[in-house]
Amino acid sequence: SFLENIGFLFEFNGSAGLKEVDVEGGVRLVMESALSARDRVGVQDFLLLENYTSEAAFIENLRRRYRENLIYTYIGSVLVSVNPYKELEIYSKQHMERYRGVNFYEISPHIFALADNSYRAVRTERKDQCILISGESGAGKTEASKKILQYYTTMCPTRNNTHSIRERLLQSTPVLEAFGNAKTLRNDNSSRFGKYMDVQFDYKGAPIGGHILNYLLEKSRVVHQNHGERNFHIFYQLLESGHSELLRRLGLDKTNPQQYHYLVKGNCPRVSSISDKNSWKIVSKAFSVIGFNEEEVEELLKVVASVLHLGNTQFGEDEFGETHITTDTQIKFLSELLGVDGSFLSEALTHKKIVAKGEEMIGPLSLEQALSARDALAKAIYGRTFTWLVQKINQSLAFQDEVYYTSKCSSVIGLLDIYGFEVFQNNSFEQFCINYCNEKLQQLFIELTLKSEQEEYEAEGIGWESVEYFNNKVICDLVEEKFKGIIAILDEECLRPGEASDITFLEKLEDRLGGHPHFVTHKLANGKTRKALGRDEFRLLHYAGEVNYNVNGFLDKNNDLLYRNLKEVMCQSENQIVKECFHTDELTDQRRPETAATQFKLSLAKLMDILMSKEPSYIRCIKPNDGKQPGRFEEVLVRHQVKYLGLMENLRVRRAGFAYRRSFEAFLQRYKPLCPDTWPNWQGNLSDGVSTLVRHLNYKPEEYKLGRSKIFIRFPKTLFLTEDALEIRKPSIGEKAKQLGFSVNNHTFVCLCLSVVIVIQSWWRGVKGRRRATRRRQAADTIRKSVSHTYKTHVIGNFNKNLVKYTYTVEAFWKIQEEPSRHTHTHKDWVTYILFSAQLEQKVVASGIFRGQKDNYPQSVPRLFVGTRLGKKHTHTCTHTHVMSANANAAYGVAVTKYDRRGFRARPRQLLLMATGVILVQESKIKQRIDYSSLLGISVSSLSDGLFVMHVPTADSKQKGDLVLQCDHVIEAVTKLAIMADKIHNVNISQDSIKFAIARGKEGVIDFTYGAELRVIKTKNGRLAVVS
């Protein structure tokens, strides 16, 4: 009917904004009408750009959307985000509700849509996810990760102890920002470290824990900042807001940050846009939420203060040229704060100890060497303390039930917030490492994009055509290849005896890499390129463009060494944090520590392994201008980022096949008015409906392909013509409404129709509610009368005589309720009432678990739950004494089919629920016993099959893996098992597949699909396929 399609009319009202419709009483967003308004606001997916190879067209689409405050745009499943530099009203809880559970492409692009898509994949497919956020400083990466965490902590279901975990996940951010972020020329809150955070979710999808990995903290900022930049936030927050007594104990002056040598290098102690006082309040609260006690906070602040005092430690030379400390006050404060001997510290700062062939030699340091040693100690103390801080936060976020976690009963979503490609006037060792990291991420990005494209094509039965793309493996190898790469040559130069310097390192690069197409120096360049290269620089041709690196400081930063006697002093510290950061093992270990570049290379390799093991999603953040001004769009700057983020390459890879793909249902629902055979409703198979529709639209064979569940359209022009035809069709839909006496051309009609629908729905819900309430009151009256009558007549009167006479089964009670006219007083028995209460309790639990979640739950509602489903044919086979005893004491028994974990061979068994555990019986033998305490959870599908999986710890030597069973009474069996084992909240209902543990470290998969009849088969890929 026309009213059934009223939602369609709202969807196409021609507005560029987001509109709401009422669907089954719930409000949600529908797709942004950007297809019909594309001339004004651009397209919401770059795949729909007609001229997709044009960088100018790409940037113009970004500009149009940015002008309309549409800061999010897709490239397929990749989200491009442009920093608006102002507050937008699109992050409220109401917006979160609108994006929850809605198809990814069904509504306007948003970070909540991507977050929800990853979350639903974790819940339904049990696949670990990761979200990779990249972009240059000031593009909004940190804010994006905050918004995702906010969505998960707000919208996910709760568990008994998850409130504190939610708070800790959120409060970890301000603490890490205080110690790891700083004001730079490009960003007032720039992350100076890379962060990867895993958020753990339990069976019900509640967040239960987290874990953080940190990468490449910019330690050099502790001792030096460029003009206009600041040191890490924590120094200024402490000086600005720490109370007087605390500052006195730390030996600090509250009034003037410029009194501290390490805070004046950038000549920017205070910034109008940064409130250090408010930030300190937030950090202080976060310390408390995370679990720091007052002593730990003070110990941590002592370390922070000691770095400032180190910076103020000055040196001089006597008449003999020997270096000595001229600021004894600083040594006194350092001795108190670090808990070390002041004389030993003074000696270590002015002398170095060398161990050669078992002998120790102590020699004086020059003035320049002493200053370097002081700075090296400050960087080491701060860098190791930051690592300790991350570990402390991880202890707070860790989920306590280790068995539950290690058995893979939880899933994770990882958030990677890491520095983007960096190109400055002067690029040093830090930029080299950062850009190497981005090369690796770009390599992973393209590989996984191609992989996901190929998998989607194969799943839909569409032929895959190989795609030409720039493989940046050649650049990654140039940097990281063993014995031949830049890192290997740098390490070699750092370790070799003799006079090694940054220039000798550059010369060795020229000798070894002179012929490489992606490497050039001043010496190797031609005349034109030579003018742009200094004699102390080398150039790498990255995937994103050319970058010149100045080699000055490469060796020192890569060595990152601390003199042995300084380590000895720190190992003797009485400050608990410093003691944990400096281990005595370092003094006895004769091996040279790994260089900074090698450590970063190894940690990056581990990160790649983590990301490869998960299903990725991507957020690419773009900064529209350098002035942090809302509404200003600088094309040159944006073009620079589009290039460095590899967005055009990604678009080209995605467009190599089909530009647009949608499910049959979504495509047919949107465009069905264009064909008389599909309008107003198509009653047949969805694929047939789409075929009918595209034939009517005269699609050419080369313009589209039909997969198993989706339509693939090759050219955006085809889609736009279809959309334009829909726009033309709208007036005729309005004419049909006019024939009914309505007008669809004005907003009043729309509101009227909605009001009418809502009134009718409300009236009908009221009728049904009143009927249910009446039945419940009648049932309550019957039960009250029954209890009263039974008590008076039988309990007080003649209990023993009539007990047997009035003991009826629950089945009889239900039969009486159905036929009250034939039974007047026989059902009024207290025993029956007690049995009915137990039945009711089990039914309530079953409703809480399965209602609206499993297809065959409605059929189980009128059926009674019984004490056993084992008949004589089953009990006769249990002749063994132990089995007979177990059967007699069982609270519940049912026949099941067990599927072997490896070959999935079906074997008949009996499942017995005892007081303390589950027993699986075959004829006269007990085949397996599982204690309720070791049962981790139960998984079932959302279909009407009877399969369920009992998850057990893989570390338990008594268990061979998870138990895969099939039962004709799955609702009853799982409900009773959940009640007996106290695992009501650990029943997981999956839509597509269930993973189960075969053995330690190995997994099996059960795939579920709809079908006319139940079939359980083993597939070629080794999985168990269930059709129901």
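The values are calculated or read from the model by the stated rules, or taken from the named source; none is laboratory data. Note that the structure is a prediction, hence the values are computed from the model and not measured. All Cβ positions, even for glycine, are placed from backbone atoms using ideal geometry, and neighbour counts span all protein chains on display. Accessible surface areas use protein heavy atoms only, side chains included; no ligands, DNA or RNA. Shrake-Rupley method; radii C 1.70, N 1.55, O 1.52, S 1.80 Å.
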Please work out which one of (1) in a strand (DSSP E or B); (2) charged (D, E, K, R); (3) in contact (Cβ under 8 Å) with a residue 60 or more places away in the chain is the condition ARG901 fails and give its number. (1)
Flagged in segment 433-492 as open to solvent by less than 20 Å² (accessible area, probe 1.4 Å) and among the polar types (S, T, N, Q), in numbering order, are ASN435, ASN438, GLN442, THR449, ASN472
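Can you tell me which of ALA659, ALA605 is of a type in the set (A, V, I, L, M) and surrounded by fewer than 21 Cβ atoms within 10 Å (Cβ to Cβ)? Write out each step before concluding.
Working: ALA659 fails: surrounded by fewer than 21 Cβ atoms within 10 Å (Cβ to Cβ).
Result: ALA605 is the single residue among ALA659, ALA605 that is of a type in the set (A, V, I, L, M) and surrounded by fewer than 21 Cβ atoms within 10 Å (Cβ to Cβ).
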Which residues, counting only those in segment 577-596, are farther than 18 Å from LEU490 by Cα and not charged (D, E, K, R)? ILE577, VAL578, CYS581, PHE582, HIS583, THR584, LEU587, THR588, GLN590
Going through segment 212-242 one residue at a time, which ones are over 23 Å from LYS285 (Cα atoms), open to solvent by less than 20 Å² (accessible area, probe 1.4 Å) and hydroxyl-bearing (Ser, Thr, Tyr)? TYR215
Considering only residues that are touching a Lys or Arg at 6+ places or on another chain (Cβ under 7 Å) and among the β-branched types (Val, Ile, Thr), look in segment 243-283 and name the one that is surrounded by the most Cβ atoms within 10 Å (Cβ to Cβ). ILE274
Within segment 106-119, work out how many residues are open to solvent by 10 Å² or more (accessible area, probe 1.4 Å) and within 11 Å of the chain's Cα centre (by Cα). 2
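Which strands (runs of 3 or more DSSP E) sit wholly inside segment 306-389 and have at least 1 residues that are touching a Ser or Thr at 6+ places or on another chain (Cβ under 9 Å) and in contact (Cβ under 8 Å) with a residue 60 or more places away in the chain?
Filter on segment 306-389 gives 351-356.
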Among the residues of segment 666-693, write down those that are within 20 Å of GLU456 (Cβ to Cβ) and either free of Cβ contacts under 8 Å to residues at least 24 places away in the same chain or open to solvent by 60 Å² or more (accessible area, probe 1.4 Å) (or both). LEU686, SER687
Checking THR1019 against (1) within 27 Å of the chain's Cα centre (by Cα); (2) surrounded by fewer than 21 Cβ atoms within 10 Å (Cβ to Cβ), only one condition comes out false. Which one? (1)
Out of all the residues in segment 307-323, which are modelled with pLDDT under 90, open to solvent by 20 Å² or more (accessible area, probe 1.4 Å) and not hydrophobic (A, V, I, L, M, F, W, C)? GLU317, ASP318, GLU319, GLY321, GLU322
Having 3 or more residues that are of a type outside the set (Gly, Ala, Ser), modelled with pLDDT of 85 or more and open to solvent by less than 20 Å² (accessible area, probe 1.4 Å) is the bar; report the helices (runs of 4 or more DSSP H) wholly within segment 524-597 that clear it. 554-559, 564-571, 576-581
In segment 493-520, residues that are under 20 Å from ASP536 (Cβ atoms), of a type in the set (A, V, I, L, M, F, W, C) and open to solvent by 30 Å² or more (accessible area, probe 1.4 Å) total 2
Any chance segment 933-942 includes a residue that's of a type in the set (Ser, Thr, Tyr), modelled with pLDDT under 90, assigned to a loop (DSSP other than H, G, I, E, B) and more than 30 Å from the chain's Cα centre (by Cα)? no
Could you grab me the full set of residues in segment 395-435 that are modelled with pLDDT under 85, over 20 Å from LEU169 (Cα atoms) and part of a loop (DSSP other than H, G, I, E, B)? SER407, LYS408, CYS409, TYR419, GLY420, PHE421, GLU422, VAL423, PHE424, GLN425
Would you mind finding the one in LYS204, LYS195, LYS285, LYS219 that is within 25 Å of ALA597 (Cβ to Cβ), within 27 Å of the chain's Cα centre (by Cα) and charged (D, E, K, R)? LYS195
Unmet criterion (only one of (1) modelled with pLDDT of 65 or more; (2) surrounded by 12 or more Cβ atoms within 10 Å (Cβ to Cβ); (3) of a type in the set (A, V, I, L, M)) for ILE760: (2)
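Considering GLY867, GLY893, GLY903, GLY871, which residue is out of contact with any helix residue (DSSP H, G or I) (no Cβ under 6 Å at 6 or more places or on another chain), surrounded by fewer than 19 Cβ atoms within 10 Å (Cβ to Cβ) and either under 30 Å from ALA1025 (Cβ atoms) or modelled with pLDDT of 90 or more (or both)? Give the derivation first.
On the way: GLY867 fails: either under 30 Å from ALA1025 (Cβ atoms) or modelled with pLDDT of 90 or more (or both); GLY893 fails: surrounded by fewer than 19 Cβ atoms within 10 Å (Cβ to Cβ); GLY871 fails: either under 30 Å from ALA1025 (Cβ atoms) or modelled with pLDDT of 90 or more (or both).
Of GLY867, GLY893, GLY903, GLY871, the one residue that is out of contact with any helix residue (DSSP H, G or I) (no Cβ under 6 Å at 6 or more places or on another chain), surrounded by fewer than 19 Cβ atoms within 10 Å (Cβ to Cβ) and either under 30 Å from ALA1025 (Cβ atoms) or modelled with pLDDT of 90 or more (or both) is GLY903.
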